[in-house]
Each structure stands twice: as structure tokens, then as C-alpha cells.
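The values are calculated or read from the model by the stated rules, or taken from the named source; none is laboratory data. Model, not experiment: these values are computed from the prediction. Because the Cβ atoms are built from the backbone with ideal geometry, glycine has one as well, and the counts that use them run over all protein chains shown.
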């Protein structure tokens, strides 16, 4: 009887709380470029949505990263064409909108823009389009529950304010530094997120940079910035080098950051090291770090001696003044309670949530993803890691949401068969979405009954 009474009291309390909550059809977590892009389309469709942003501005990731402030996304202004879609093939920074003034070329003339220009651009995009953003609101918990027979998301922020949502779109990106906190002696290293960007701090110092994998560009960016002042510069990685000019994948090492590779190949003091004595050929978890009496840092292979784990530095003679972690970023899934926690991918994609081709969590219905978090679908294939790709993924997500929840069909046009070839050739030569997201997005031609084709 007491149990039944407690349940009734709890139910009444929950109903009382729910009655006072703000209820939105769509809740977007994060106002980075991915969140802003999907918000733009929801606003155009006049949907009931809100963006929750934990900082006091949009695109706050770019206020810190990249640390040396030069983006790797190209901003080619002169293309010899005035065609909007063709030019977007070579504009890797602009979001999609009806406002032609909201183009990165209006904010920077640099081929690789300064990160501060990106912050300014994203906030102008949000303000000029009057997107519904609630700043300084850190969503610290996401759960699911029944409300009037419907399963809804319950979001709690840092002020213990609750928000109800039918659909949640996660666009927080990969922002949590991957610090490998369980590595022995990792406390002697410095993180990419906080290391000094003053190159004079590394004059005549021995520096070891960890990271040639998913974090390869942050590692080589850091190396590029200090190579002219450091005495000895080593980069450690467990994988072979992948250079974008060879692989054609924009997430691999870009030529603009390849100075260290050049100097290594020409036999200077810079080096790419793998510490091959270690198990797993360079897996950082098989190493440890010790600080010597003179304050320098040595790296060695972990070995077991009885019940103790020791660090064997045999064969690795170099002592380093600085060891810098550039080990990439992770998706922070600590805010999700049981029942609302998305399943993660495995192996080399373990930092990404596992999603379907419609950008929905495979384990949490009505939870979708936008921005860089959808790159698992096209990893190492096309451009979904960055704005030039995921802006089109966000548009596709909007079309999918419109059909699923509002029964509005995917946009299409009807053309005569006599015009079909010209139309297809124009799409091949000008379309940007298909160009950036090849093998992921496609045009579909349906044969009609009256000798017409529908695109």
C-alpha cells in the first residue's frame, strides 16, 4: 500500500513538473555550425525548436581551436564562375541560407581563414537570421519518460531547469580532449588544448608530440608552429602517415602542415618515431613516462616485473623537455541517462555515436545527430567531417524530419525527357552537395507515366 501511494505521489509530482515545463518539438544541443545549419531549416519551416548553447556565443569551439588559429578549410573566392552552387564546391566554410551576404568570403579574404573570422561569421549567421538560441545553458542531463502517453526527452540544465522535447538533435561535436588518463606518467605531458602557442617557449628544447592518427592535423599543426625554434622535434604515432595529397581524404595530413615531413625526409633533427620496441607498434597505452632528476621526461615500454609494472627505457635515449598530447577529441556522452544513452561505434570509430542512414541513434528513437558527429557514415570517404560536407547532411536531415513528422515530401522537380540530359549534366558540373558528399548523397530520377522524369 505504501509503495502504491509513493508511486502515485511521484506521478503527481512529475505531472506537476511537466505542466510547468517549456515544451519544444525540436531541441538542438549545441550552436556550432552543425546546430546552426539544422536550426536554419527548422526556422524556415516554422517549426517549434530551440538551440541550447552552454557558452555565451555560437561556434565557441573555434574560439580556442585550432590553437594556432589558422583553419584548414579553404576559402577560394575567385573561381571564374558566378554560379552559387559551383562556388560552394570551393567554399568550405559557409553555411547554407537564402542570404547571399552570409558567405565566408565576406568575412575573410584568406585562402585559409583565421579561426576568429569563423567565430564572427557563425555569430552573425545566428543573429541576422534570428535563430532561436538560448545561450549560457549547459544541458547536463538528458533522460526519457512518458508524458500523456508519449515518450519525450527531459533535458536538465545547470540551473536545474527542465525542458521537454519530442525530438532531440545532438550537435555538440567532438570537443572533449582525449587525454588517455590511464597511461602511466601522463601527468608529465601537456595537452594540445592548453599548451603554449608562443614558439619562443620551445627555443632549443627537445619536444615530443604524441599523435599521428585521428588527431594528425593538430599534431602537425603544433609541430609546424614550433619547428623553427625547437632544438629537437619528434612526432610519435602508431599508424603509417596518411597525407591528404595521396589519400584524397581531407582529414589526413594537409600539405600546409607538412613542414616537419619535409625536414624529416631531408635528414634534419626533426623525426617521425614509432618506438617499435613496444607491443602494438606504438600504441601509447603500451608506454609510460617518467621524469628524470634533471626535470626532463623519458618515454619507455611498460613491462611487468613480478607484481609491479615498470617502465623500460632501454634503447630510447632521448630526454624531452616537453611532451605534448595531440590525441584528438571525443564525444561526451556523460550527459545521457540510461534509456537515453546512444550506442557508440566500435574500433577506430568508437568516438562516434552509432547512427542509421537517417542520422538517428540506432538505440534511442527520435534522437538525431548533426554536424561532425555524423561523419561515421562517410568516414575516410567524403567531406562529412567538416562544414563543407555536413551542411548538406543537415539539410538532408531536415528533409527526413519533414517527411517523418509532418508528411512533407522530399523536394523534387518535374522536367520533360527532352531536358533531362541537360539537367543531369548541369548537376554533374555544378552541384556542390553531391560533389562534397559523394557516395553518401545522390540524385534520384524516377520515370513517370506521361513520358516525364521526376528528380
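Residues in region 33-55 that are buried (at least 23 other Cβ atoms within 10 Å of the Cβ) and either without any contact (Cβ under 8 Å) to a residue 40 or more places away in the chain or part of a loop (DSSP other than H, G, I, E, B) (or both): 53 alone.
Exactly one residue out of 138, 127, 123, 179 is surrounded by fewer than 19 Cβ atoms within 10 Å (Cβ to Cβ) and within 30 Å of residue 296 (Cβ to Cβ), and it is 179.
Screening residue 434 with (1) in contact (Cβ under 8 Å) with a residue 12 or more places away in the chain; (2) more than 30 Å from residue 152 (Cα to Cα); (3) under 21 Å from the mean Cα position of the chain (by Cα) gives one miss only, at (1). Is it true that residue 102 is out of contact with any strand residue (DSSP E or B) (no Cβ under 7 Å at 6 or more places or on another chain), crowded, with 16+ Cβ neighbours inside 10 Å and either closer than 30 Å to residue 221 by Cβ or free of Cβ contacts under 8 Å to residues at least 60 places away in the same chain (or both)? Here the answer is yes, as residue 102 does meet what is asked. Residue count for region 364-413 satisfying the condition of being more than 28 Å from residue 251 (Cα to Cα) and surrounded by fewer than 20 Cβ atoms within 10 Å (Cβ to Cβ): 14.
As an exercise: evaluate residue 145 against (1) touching a helix residue (DSSP H, G or I) at 6+ places or on another chain (Cβ under 7 Å); (2) at pLDDT below 95; (3) within 22 Å of residue 342 (Cα to Cα) and give the number of the one condition it does not meet. Of the numbered conditions (1) touching a helix residue (DSSP H, G or I) at 6+ places or on another chain (Cβ under 7 Å); (2) at pLDDT below 95; (3) within 22 Å of residue 342 (Cα to Cα), the odd one out for residue 145 is (1).
When we screen 156, 144 for residues that are without any contact (Cβ under 8 Å) to a residue 40 or more places away in the chain, outside any loop (DSSP other than H, G, I, E, B) and assigned by TED's automatic domain parsing to the domain that holds residue 393, the only hit is 156.
Among the residues of region 56-73, count how many are assigned to a loop (DSSP other than H, G, I, E, B) and surrounded by 16 or more Cβ atoms within 10 Å (Cβ to Cβ).
Looking only at region 56-73, we keep the residues that are assigned to a loop (DSSP other than H, G, I, E, B), and these are 56-59, 64-69, 71-73.
When the remaining residues are screened for being surrounded by 16 or more Cβ atoms within 10 Å (Cβ to Cβ), the result is 57-59, 65-67, 69, 71-73.
So the answer is 10.
Looking across 287, 329, one residue alone is modelled with pLDDT of 90 or more, touching a strand residue (DSSP E or B) at 6+ places or on another chain (Cβ under 8 Å), crowded, with 20+ Cβ neighbours inside 10 Å and farther than 25 Å from residue 229 by Cβ. It is 329.
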